[in-house]
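Here the structure comes first, spelled out in structure tokens, and everything after it is commentary.
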Amino acid sequence: MNSVLRGLTWTTCLVYLDDIVIYTKGGIEQHVIELACVLECLAAAGLTLKLKKCVFATERMEYLGHELSSEGVRPLERLISAVRDFPQPQDAVEVKRFVHLAGYYRRFIEGFGSIMAPMTKLLRKDVPWEWTVAQQTAFEQVKAVLITKPLLIYPNFALPFRLVTDA
């Protein structure tokens, strides 16, 4: 799909496997033009779409566990509730499940790796199981951040901005 839409990805559309999201910075007229470009590329490659799976000209949509809108990107409410309702882990297997579940939304939690360090420590083979205040604090802090439905806004390339990574 990336080769079919080469030149349009990251400027007009995003592609993940067979999912295509077409986004427009202008109005509906510009959106129709960009939609036509994508459809022409797909038709030229002999590809078709299933109309019942398509959504056109929407300001909000769900995509890969996220809500995309003109404001930015948020975690989906129904998936946040899985984190919110996760019971306190009783063993390393449950810790691992929580770390992976919450980790899907790590980009929304500043310092995720540092916050989760007390919990991920329990996943080491040489560390005996002991749920302490440090693990409980990390567990509650991650839940607290996610239930606020944090928003990642899109960068404005006309303005300076700071890139922060969690390595």
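The values are calculated or read from the model by the stated rules, or taken from the named source; none is laboratory data. Here the structure is a predicted model, which means the values were calculated and not measured. Cβ: placed from backbone, ideal geometry, glycine included. Neighbour counts: every protein chain shown.
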Margin query: Quick check on this structure: which one of E34, E71 is in a helix (DSSP H, G or I) and of a type in the set (D, E)?
Written below: E34
Check: Here are some residues: L39, L49, L5. Which one is touching a strand residue (DSSP E or B) at 6+ places or on another chain (Cβ under 7 Å) and either closer than 19 Å to Y154 by Cβ or of a type outside the set (V, I, T) (or both)?
Finding: L5
Check: Restricting attention to region 130-167, and to residues there that are in a helix (DSSP H, G or I) and touching a residue at least 60 places away in the same chain (Cβ under 8 Å), which single residue is nearest to I109 (Cα to Cα)?
Finding: L146
Margin query: Just the residues that are of a type in the set (S, T, Y) and more than 14 Å from S3 (Cα to Cα), please, taken from region 14-31.
Written below: Y23, T24
Checklist line | Test result for E40, outside any helix (DSSP H, G or I), modelled with pLDDT of 90 or more and on the phi < 0 side of the Ramachandran plot | finding: no
Checklist line | Check on Y105, under 20 Å from E77 (Cβ atoms) and among the hydroxyl-bearing types (S, T, Y) | finding: yes
Notebook entry, point to check: Between a first residue in region 1-19 that is on the phi < 0 side of the Ramachandran plot and a second residue that is part of a loop (DSSP other than H, G, I, E, B) and aromatic (F, W, Y), which pairs have beta carbons less than 6 Å apart while being 6 or more apart in sequence or on different chains?
Noted result: none
Item checked: Residue satisfying condition, being in contact with a strand residue (DSSP E or B) (Cβ under 8 Å, 6 or more places away or on another chain) and among the acidic types (D, E), within set E140, E130, E94, E67 -> E67
Note to self: Name the single residue that is nearest to the chain's Cα centre (by Cα) among those in region 43-67 being touching a residue at least 12 places away in the same chain (Cβ under 8 Å) and in a strand (DSSP E or B).
What the structure shows: Y63
Check: So, in region 70-118, of the ones that are hydroxyl-bearing (S, T, Y) and under 17 Å from the mean Cα position of the chain (by Cα), which residue ends up surrounded by the fewest Cβ atoms within 10 Å (Cβ to Cβ)?
Finding: S70
Margin query: Between T165, T132, T137, which is over 30 Å from G27 (Cα atoms), modelled with pLDDT under 90 and of a type in the set (S, T, Y)?
Written below: T165
